[in-house]
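Here the structure comes first, spelled out in structure tokens, and everything after it is commentary.
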Amino acid sequence: MKKQLLALALLGVAALSLFACGKKDEPATTQAPTTEEVTTEEATTEDPHVGENYNELTGEWSKDYEPKRPIAIMINNIVDAVPSSSTKQADIIYECMVEGGITRLLAIFSDYDNIEKLGSVRSARHYYIRIAKEYEAIYFCYGQSAPAKKILEKGVIDAVNGLTYDAGYYRDNSRVAPHNVYTTSEKIKKGIEDFGYSTTYSETHEKVLSFNEEDTDLAEGTAANTVHVSFGSYMKPYFVYVPDKGVYERYEYGGPQIDNMAAEDDNILTFKNIIIQQSVYECINPKNDLQEVTQVGEGTGYYCTNGKAIPITWKKSSKDSKTKYYTENGEELLLNPGKTWVSIIGSGEGAGVSFE
């Protein structure tokens with residue numbers, strides 16, 4: 001009997017040993033659960049403009065654009081001088097009043113590589129020089145008024161003046177002087193090279209205009225499908241919004257303002273943005289009706305884009321500072337990416353703005 005009991009005990013011990021051995025490959029019930037490895041990816045913002053350069057005149061990005069100092073050139077706008085040539089290629093155009101109630105244009109180009117004929121080119125006025133200087137542009141003109149001559153002689157701006165450097169221009173005999181002066185990319189570049197002007201911005205350069213990243217409709221504003229900009233009793237240009245294209249077409253002298261070097265099916269001057277800057281003109285020489293326009297200080301105006309207009313203010317603290325534009329709540333005005341037309345009008349008889 002004792003032998004039987006001993007045999008049973010030994011069998012029990014063996015069974016327990018086998019059971020324990022069978023559990024060695026299984027996790028212990030008292031072992032803490034393992035923490036799973038979780039792979040987390042840091043949120044990254046992809047740069048949508050990799051390999052592109054920014055054009056501060058239009059607020060646009062492009063792989064083809066190469067940043068450099070722009071040129072600013074005086075363009076004739078008298079009825080005898082239209083249509084103009086290559087003005088459709090300009091990024092920004094300023095329109096100011098000169099003698100006799102007419103206006104003259106300052107066309108600013110970030111790209112002047114492929115210009116076959118640009119003009120007609122006219123003489124400088126001192127307030128146009130100040131505008132060009134804000135953009136650190138190389139200034140092109142043919143002749144000058146007395147106040148402009150004083151500024152040019154001081155060398156406050158890099159200039160290529162046809163009166164002292166005829167190689168930068170040529171005359172088209174199909175038009176009557178003085179409305180027949182033109183230039184080309186080749187002549188523009190030759191003038192810059194001959195005078196030794198740098199084509200890169202200075203280290204202290206600051207942009208003038210600010211832009212939205214994308215086309216943005218104005219949240220509020222007045223309907224502005226047609227924008228009438230009157231400089232007085234004679235010059236009454238206007239702009240018509242084209243919804244399908246999202247731009248304004250420019251009209252004057254009873255019809256569209258065209259560029260005779262552009263394709264016939266796309267030769268009207270068009271702009272994404274219109275800025276109307278209200279200022280004060282004053283005759284400083286009654287003999288020839290030479291004008292001065294108030295540029296330093298502050299005033300009111302309008303910004304038009306995508307068929308709407310809002311009131312704005314402008315400020316310029318000194319003659320060497322930048323003109324800045326602001327919304328009614330004091331925030332800096334953001335333009336839509338694209339080309340801009342700036343009309344600086346006065347407060348005289350017949351001057352004003354209206355919208356339809």
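Each reported figure results from applying straightforward, stated rules to the coordinates on display, with no laboratory input. Because the structure is a prediction, the values reported are computed rather than measured. Glycine gets a Cβ as well: all are built from the backbone with ideal geometry, and neighbour counts include every protein chain shown.
For this structure, a couple of remarks:
- Whole-Å distance, taken between Cα centres, linking region 291-326 and region 161-198: 31 Å
- Scattering curve values for the chain, log₁₀ I(q)/I(0), Debye with Cα scatterers, q = 0.13 Å⁻¹: -1.04
- Here the Karplus curve 6.51 cos²θ - 1.76 cosθ + 1.60, taken at θ = phi - 60°, turns the phi angles of region 70-81 into couplings of x, 10, 10, 10, 6, 10, 5, 9, 6, 4, 6, 10 Hz, with x standing for Gly and Pro.
- Between Glu214 and Trp61, the simple spin-label model (points 7 angstrom out along Cα→Cβ) gives 1.2 nm.
- More than 21 Å apart - percent of Cα-Cα pairs taken over region 223-350: 47 percent
- In nm, spacing of pseudo-spin labels at Asn260 and Val176 (7 Å Cα→C-beta vector): 1.5 nm
- Less than 5 angstrom separates the built amide H of Ala224 from those of Lys308, Ala309, all sequence-distant by 5 or more or on a different chain.
- Taking amide H positions as modeled 1.01 Å from N, with prolines and chain starts lacking one, the residues under 5 Å from Ile312 and 5 or more places away or on another chain are Gly301, Tyr302, Tyr303.
- Ranked for footprinting exposure by Cβ neighbours inside 10 Å, fewest first, Thr300, Thr270, Thr87 give Thr300, Thr270, Thr87.
- Cross-link pairs beyond the 27 Å C-alpha cut-off, checked among Lys117/Lys154; Lys245/Lys315; Lys272/Lys322: Lys117/Lys154; Lys245/Lys315
- Nonlocal amide H pairs with Gly350, under 5 Å, H built at 1.01 Å: none
- Two-site FRET efficiency, Lys287 against Tyr326, from Cβ-Cβ distance with R₀ of 30 Å, rounded to 0.05: 0.20
- Computed from phi, the 3J(HN,Hα) profile of region 302-308 under the Karplus parametrisation 6.51, -1.76, 1.60 (θ = phi - 60°) reads 9, 10, 10, 7, 6, x, 10 Hz, with x in place of Gly and Pro.
- Mean separation of Cα contacts under 8 Å (6+ apart) over length of region 53-355, as relative contact order %: 21 percent
- Phi-based couplings in Hz for region 190-198 (Karplus 6.51, -1.76, 1.60; Gly and Pro marked x): 5, x, 4, 5, 5, 7, x, 7, 6
- Exposure proxy order (Cβ contacts within 10 Å, fewest to most) of Glu214, Glu249: Glu214, Glu249
- Ordering Ser202, Thr270, Asn212 by the projection of their Cα atoms onto the charge dipole of the chain, which places +1 on the Cβ of Lys and Arg and -1 on the Cβ of Asp and Glu, puts Ser202 at the extreme positive end.
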